[in-house]
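Throughout, read-outs are computed from the coordinates displayed, never taken from laboratory work. None of these values were measured; they are calculated from a predicted model. Every residue, glycine among them, receives a Cβ derived from its backbone with ideal geometry; neighbour counts consider all protein chains shown.
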Amino acid sequence: MSTPAPTAAPTAAPTAAPTAAPHAGAAPLGARVTRQAAYETGTALRNGEQLLVTLILPLLALVGIHVTGLLDTPGRSGLDVAVPGVLALAVVSSAFTATAISTGFERRYDVLAALATTPLGTLGLVAGKAVSVIAVLAIQTVVIGGVGLALGWRPDPAGLVPALLALALGAAAFTALGLLLAGTARPEATLAVANLVWVLIGAVGGTVFPPHWAWLELTPSGALGAALRAALVEGAWAPGALLVLALWTAAATAAALRWFRWRP
């Protein structure tokens, strides 16, 4: 009696994004994204650690630079340079550091995979996070800009449009980088790397302080700082810095789409 031929062991399929089954009576996508964004934004504003990174530390940096006169030069207040730099650091705080840490721990406990199978779906989940980053960034911009104006900052009105474009591109680039980190590293590593990168970017990354080395303007932080300083100090466009931000956004988004894993 012949024995059946052995069969090959099944191989594990690559991890794919969970998909939601159709749900009758689900709210429109726009309403689902709005609710998720409101939840994400409220959570970020109620989280003491995230609030420390996104608002309190950037404000302390701004006030400290103003009080010490660290960036003052003859004929120009240090606030003219400090406020654009602190706004750049705020983008890194909310779009990269906070997004990476929160997403990393949501991924660890399978929150992302669970939400992706609800009527919200993967598209709604990612869109909700993106809208939340924009909402937090808008709050940061208003608060930091308001404090800067109260301290005597006077930005060039001609630079408001290029500054808004730089903030949008910076937010897109750093959100994609944050999701890439959160989707590929363990949560503990994500926590350490995200905080370390924030400190390095604030100290020598071309945000708060103008860069000492020209090559830093090829990094997303250096390009963002350069674009904001050109806009708000000189009222000018910085096409080279904006192009660098656009390229980083495209590259980081492609990498996140390629390597992001929904489960550890």
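Descending by average beta-carbon neighbour count within 10 Å, the peptides 168-175, 225-232 line up as 225-232, 168-175, the highest first. Give the angle, between 0 and 90 degrees and rounded to the nearest 10, that separates the Cα long axis of helix 99-108 from the longest principal axis of the Cα atoms of the chain. The helix 99-108 is inclined about 20 degrees to the chain. Scoring 134-143, 211-220, 94-103, 69-78 by mean Cβ neighbours within 10 Å over their residues and listing the highest first yields 94-103, 134-143, 211-220, 69-78. Working ranking of peptides 39-51, 80-92 by packing, defined as the average number of other Cβ atoms within 10 Å per residue, highest first, is 80-92, 39-51. Between residue 188 and residue 73, the modelled label-to-label distance comes to 4.6 nm, taking each label 7 Å out from Cα in the direction of the beta carbon. Note on residue 247 and residue 204: with the Förster distance fixed at 22 Å, the Cβ-Cβ geometry gives a FRET efficiency of about 0.50.
Computed from Cα positions, the angle between helix 79-91 and the longest principal axis of the chain comes to roughly 10 degrees. Between the C-alpha center of region 146-162 and that of region 61-133 there is a gap of 20 Å. For the chain, the Stokes-Einstein estimate of translational diffusion at 37 °C and a viscosity of 0.692 mPa s comes to 168 µm²/s, using the Kirkwood hydrodynamic radius over alpha-carbon pairs.
Across region 29-259, C-alpha contacts under 8 Å between residues 6 or more apart give a mean separation that, scaled by the residue count, equals a relative contact order of 27 percent. Residue-wise HN-Hα couplings along region 116-133, as the Karplus relation 6.51 cos²θ - 1.76 cosθ + 1.60 with θ = phi - 60° gives them from phi, are 5, 9, 8, x, 4, x, 5, 4, x, 5, 5, 5, x, 5, 5, 5, 4, 4 Hz; Gly and Pro carry x.
Label sites at residue 261 and residue 219, each approximated as a point 7 angstrom past Cα along Cα to Cβ, lie 2.7 nm apart.
Here is how the number arises for the chain: DSSP H runs of 4 or more residues each give -39500 (n - 2.57), the sum is divided by the residue count, and the result at 222 nm is -21500 deg cm²/dmol. In degrees between 0 and 90, to the nearest 10, how far off the longest principal axis of the chain does helix 220-234 point, with axes built from Cα atoms? Orientation of helix 220-234: about 30 degrees from the principal axis.
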